[in-house]
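Here is the structure we will look at, set down as structure tokens.
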Amino acid sequence: MRLLVTGGAGYIGSVVAALLSAQDHEVVVLDDLSTGHRDAVPAAAAFVRGTVRDDAAAVLADGIDAVLHFAAKSLVGESMAKPSLYWSSNLGGTLALLEAMRATETPRIVFSSTAATYGEPDATPIAETAPTRPTSPYGASKLAVDTALAEYARMHGIGAVSLRYFNVAGAFADTDGRWYGERHDPETHLIPNILAIAAANAAGADRGVQLFGDDYPTPDGTCVRDYIHVADLAQAHLLALGACTPGQHRIYNLGVGDGFSNREVLDMCREVTGQDLPATVGPRRPGDPAVLVASADRIKAELGWQPDRQLRSMVADAWAFTRVMA
């Protein structure tokens, strides 16, 4: 198949593009490199530098069998400060993409959605039937895209799947030994931030890790999150690609159904890196729920997806990527 991967120079998009290329699909990556990296685009993929709003139509006109859509703004804090940017980029850009798909009769799309669509959960694990009450423009804009996908499926026969991620971690090495991993600026995720401190300390620095809040109603007082390896996540996209049914929009959660506290993550980073990594505790961050854990029963039952990489693998692979990039 000939596939368009929007945002394919970013963290998750590049891993998906690499897996698709390894399966002999013809991959075209569209990315404006505002947050992505040109060297993260797989060597076998064609690259078009541009935006979804302005350039997707021309790429689709050349003939594309399906779209995997990762291009988006994704920082919760930034979305609170610049909501119009998130509505314009995430919803506006996707609507332009969907219109281009309709005009070119491109039949399928897999969308990178988020657990942020649920907001503060009433109960965990969170199923796809849980109320959607996003607490940020980021989550709200992603939920609006899910709604648009349902409408385009109903009105225009597009087959669409939304994958709602929980906490993605780890890195991926292809058969040539090329690594793909997280390189956000600013970095807001716990594991890469801890490992960056470990790398700096290995080079002679003396830095510590800050945790936010230790008075949550959890076993050790720190937040609990559901972590999923980026390679397992990428495999779910390949399965979702085959599950795009004309006229239907499906939603699946992606998580492992269990969680790790911030202290447990820190302990695993200490174990993998062999460093002490002293920690201090600051105040809670506003809006951080105590526990976010997914129910992924639907995608397991309907598509046969099964994540099989544990927290140790996530941290070890992310550490390998950190050292390669140092």
Kindly indicate the residue of segment 61-104 that is charged (D, E, K, R) and within 21 Å of the chain's Cα centre (by Cα) and also most open to solvent (accessible area, probe 1.4 Å) among those meeting that condition. Lys82
May I ask you to list the residues in segment 281-312 that are polar (S, T, N, Q) and open to solvent by 90 Å² or more (accessible area, probe 1.4 Å)? Gln306, Gln310
Single residue of segment 193-217 satisfying the filter (without any contact (Cβ under 8 Å) to a residue 24 or more places away in the chain and on the phi < 0 side of the Ramachandran plot) that is nearest to the chain's Cα centre (by Cα): Asn193
Being touching a helix residue (DSSP H, G or I) at 6+ places or on another chain (Cβ under 6 Å) and farther than 20 Å from His237 by Cβ, is that true of even one residue in segment 298-311? yes
Number of the condition not met by Gly274 [criteria: (1) of a type outside the set (Phe, Trp, Tyr); (2) at pLDDT below 95; (3) over 24 Å from the mean Cα position of the chain (by Cα); (4) on the phi > 0 side of the Ramachandran plot]: (2)
Only one of (1) open to solvent by less than 90 Å² (accessible area, probe 1.4 Å); (2) farther than 29 Å from Ala40 by Cα; (3) out of contact with any Ser or Thr (no Cβ under 6 Å at 6 or more places or on another chain); (4) modelled with pLDDT under 95 is not met by Met325, so which one is it? (2)
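The values are calculated or read from the model by the stated rules, or taken from the named source; none is laboratory data. This one's a predicted model, so the numbers in the text were calculated from it and none came from an experiment. Cβ: placed from backbone, ideal geometry, glycine included. Neighbour counts: every protein chain shown. SASA here: full protein model, heavy atoms, side chains in, ligands and nucleic acids out. Shrake-Rupley method; radii C 1.70, N 1.55, O 1.52, S 1.80 Å.
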